[in-house]
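Trainee: Take a look at the following structure, please.
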Amino acid sequence: MNTTAAHHPESVAQRLLERFAFLVFSLYHLPLFLNNYPSLGGGGFSDTGLAPRWGHVFTPVGVWVARHVFHLTGPMSGAYQGDNGDVGEEYGRLLLSVVIAVVAAVWWTLADRRRPRGGWVPEATKTLLRYSIALGLVSYGIAKLLPMQFPPLSLITLEQRLGDLSPMSLLWSFMQYSRPYAFFGGVMEMVAVVLLCFRRTTTLGALVCLAVMTNVALLNYAYGVPVKLYATMIVASAGVLVLYDAHRILAVFVRNQAAPPVSFSPLFQDRLSGPVRWTIKVALVGSVILSSVIAMRQAIGAATTQSALDGGWVVSSFARDGQSLDSTANPERWRRVVVDGGRMVIRLENDALVNCRQQPSPDADAFALECTKGRKGELHWTRTGDSLRLDGTFNGAKVTASGHHLDRSDYALLRSQFRLISDR
């Protein structure tokens, strides 16, 4: 894979590998193309948008492989809920892509072994990988910059005990705690995007991507984030781009030798003028950026819509069926109530959490609850300044609770300040 020595004849093995790489990455990345557009439903923003409908064109094949090769017998509902997830259908489609690429690459190489006519394959492969990576990382980078992927820690998360968190929730909480760190992650992903958009900076962009996405892939594996396959394929794509310049990288960083400049092979230059290529580049990358910003700003705006009830509340008095349970020794007494975006969490005196979902009610000052372990409730709330009163029924009993607003600074985690020097 030497771009600086185009005058040297390629070996049969090299042509075979390059053609295999071109075919397998094309078969993997192209079905995911529209998934890069959140405003079209890509990235899980909608199950009915153009992006998931386009993905569903390829879904039956992946499902067939998953059932007949991996012997998966479940409903596999995740196969029809967007792309990029670690579902059997995705692995089935990847396996099929590998098989097709192997057969096609062997046939292609044997068919023109006497007069090789695939000189365009290396440049086509690099172009495919450059923009597949760039377009795939745009929405992830913007999601960290806005922030959409890692918003500030919610009060509900802060109320959960560390041991009650799933590995993925632990990772998300870690990322949500530090806005500068999450922002830095988004910046580095966007740096890789920009560098990969230009041939002269492709190798540097691939190296940045390799470092950034290897870390992301390892986090996904270590914390059970169900996007392991996609992160791994991005790492593999960047690795192939680095391999094309491996001899120059080794010359500079290992052998302490001067590296010759890259001799770019003309792929589109003889057919498209510079202004036309720039127009296509800006339209392609710019459309994904615009789609990501529009969809994510709308989602953030919807998520930040709050009612006067939202927030954390410390229960100062609690009664059930007319009997006061102010003693902290009573395990059924409510200690805290946290309301956030239609969810409600009740912390009992025994430190257990009761997770509930608020159901719509025609009365703006009332709501119904459906909670874990089959518990239900109907409550009416009244807020006066930083004081709250709840009246109604819960788990078959009449309850009354009063409390005051809980400030985020009441959590020790959020009171911690950055210190450059830790001595006191």
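The values are calculated or read from the model by the stated rules, or taken from the named source; none is laboratory data. All values derive from a computational prediction rather than experimental measurement. Neighbour counts run over all protein chains shown; Cβ positions are idealised from the backbone, glycine included. With ligands, DNA and RNA removed, areas are computed over all heavy atoms of the protein, side chains included. Shrake-Rupley method; radii C 1.70, N 1.55, O 1.52, S 1.80 Å.
Trainee: Heavy atoms only, probe 1.4 Å: what % of the accessible area of the range 268-424 goes to carbon and sulfur, would you let me know? Could the numbers behind the result be given before it?
Mentor: Details: 5080 of 9630 Å².
The nonpolar share, carbon plus sulfur, comes to 53 percent.
Trainee: Related question: So if R0 is 51 Å, what FRET efficiency would Asn395 and Tyr80 give, r being the distance between their Cβ atoms, rounded to the nearest 0.05? Write out the running numbers ahead of the final one.
Mentor: Details: r = 37 Å, r/R0 = 0.72.
With a Förster radius of 51 Å, E is 0.85.
Trainee: Okay, next question. Give me the extension gain from Trp64 to Trp120: residue separation times 0.36 nm, minus the current Cα-Cα distance, reported in nm with one decimal. Walk me through the numbers before you get to the answer.
Mentor: Values: separation 56, 0.36 × 56 = 20.16 nm, distance 3.38 nm.
Full extension of this stretch gives 16.8 nm more.
Trainee: How large a share of the accessible area of the range 90-148, in percent, is made up of carbon and sulfur atoms when the probe is 1.4 Å and the other protein chains stay in place? Each step should come with its number before you reach the end.
Mentor: Details: 1810 of 2630 Å².
Roughly 69 percent, rounded to a whole number.
Trainee: Report the far tail of the P(r) of the range 1-118, meaning the percent of Cα-Cα pairs longer than 22 Å.
Mentor: Details: 3220 of 6903 pairs.
Roughly 47 percent, rounded to a whole number.
Trainee: Just the accessible area for Tyr181, please: 1.4 Å probe, Å², rounded to the nearest 10?
Mentor: That residue has around 100 Å² of solvent-accessible surface.
Trainee: Can you give me the accessible area per residue for the chain, using a 1.4 Å probe, in Å²? Please report the intermediate quantities before stating the final value.
Mentor: Working: 22740 Å² over 424 residues.
That works out to 54 Å² for each residue.
Trainee: Treating the angle as unsigned and between 0 and 90°, give the value, to the nearest 10°, between the Cα long axis of helix 228-244 and the longest Cα principal axis of the chain.
Mentor: For 228-244 against the chain, the angle is about 30 degrees.
Trainee: I would also like to ask the following. Through the Karplus equation 6.51 cos²θ - 1.76 cosθ + 1.60, θ set to phi - 60°, convert the phi angles of the range 146-159 into ³J(HN,Hα) values in whole Hz; use x for Gly and Pro.
Mentor: For the range 146-159, the Karplus curve yields 6, x, 10, 5, 10, x, x, 4, 7, 5, 5, 5, 5, 7 Hz.
Trainee: What is the helix-to-structure angle for 202-223, meaning the angle in degrees between its Cα long axis and the longest Cα principal axis of the chain, kept from 0 to 90 and rounded to the nearest 10?
Mentor: Tilt of helix 202-223: around 40 degrees.
Trainee: Another question about this same structure. Which angle between 0 and 90 degrees, to the nearest 10, do you get for helix 167-177 versus the longest principal axis of the chain when only C-alpha atoms count?
Mentor: The two axes meet at around 80 degrees.
Trainee: Further question on the same structure: Above 27 angstrom, tally the Cα pairs of the range 82-220 and express them as a % of all pairs, no decimals. Don't jump to the answer; show the numbers that get you there.
Mentor: On the way: 4018 of 9591 pairs.
Considering the range 82-220, 42 percent of its Cα-Cα pairs are separated by more than 27 Å.
Trainee: With r as the distance between the Cβ atoms of Val242 and Glu370 and R0 = 60 Å, compute the FRET efficiency 1/(1 + (r/R0)^6) and round to 0.05. Don't jump to the answer; show the numbers that get you there.
Mentor: Working: r = 52 Å, r/R0 = 0.86.
Calculated value: 0.70.
Trainee: Next question. Would you please give the residues with an amide H less than 5 Å from that of Arg336, counting only those at least 5 places away or on a separate chain, with H modeled from the backbone geometry?
Mentor: Val315, Arg347
Trainee: While we're here: Is there a pair in Lys144/Lys373; Lys373/Lys398; Lys126/Lys281 whose C-alpha atoms are over 24 Å apart, and which pairs would that be?
Mentor: Working: Lys144/Lys373 35 Å; Lys373/Lys398 18 Å; Lys126/Lys281 15 Å.
Too far apart for the 24 Å limit: Lys144/Lys373.
Trainee: Assuming a viscosity of 1.002 mPa s and a temperature of 20 °C, what translational diffusion coefficient in µm² per second does Stokes-Einstein assign to the chain, Rh being the Kirkwood radius over Cα pairs?
Mentor: On the way: Rh = 25.4 Å.
Translational diffusion coefficient: 84 µm²/s.
Trainee: Right, next: Counting C-alpha atoms alone, how compact is the range 288-410: give Rg to one decimal and Dmax as a whole number, in angstrom.
Mentor: 16.4, 59
Trainee: Continuing with this model, one more query. With θ set to phi - 60°, apply the Karplus curve 6.51 cos²θ - 1.76 cosθ + 1.60 along the range 95-106 and write out the HN-Hα couplings as whole Hz, x wherever there is a Gly or Pro.
Mentor: Taking θ as phi minus 60°, the curve returns 4, 5, 4, 5, 4, 4, 5, 5, 4, 5, 5, 5 Hz for the range 95-106.
Trainee: Could you state the number of Å between the C-alpha centres of the range 80-141 and the range 294-351?
Mentor: Their Cα centres are 50 Å away from one another.
Trainee: From the phi angles alone, apply the Karplus equation (6.51, -1.76, 1.60; θ = phi - 60°) to the range 63-69 and give each ³J(HN,Hα) in whole Hz, x where the residue is Gly or Pro.
Mentor: Listing the rounded values in order: 5, 4, 5, 4, 7, 8, 9 Hz.
Trainee: Related question: What is the extension gain from Ser307 to Gln417, computed as 0.36 nm multiplied by their sequence separation minus the C-alpha to C-alpha distance, in nm to one decimal?
Mentor: Gain in length upon complete extension: 36.6 nm.
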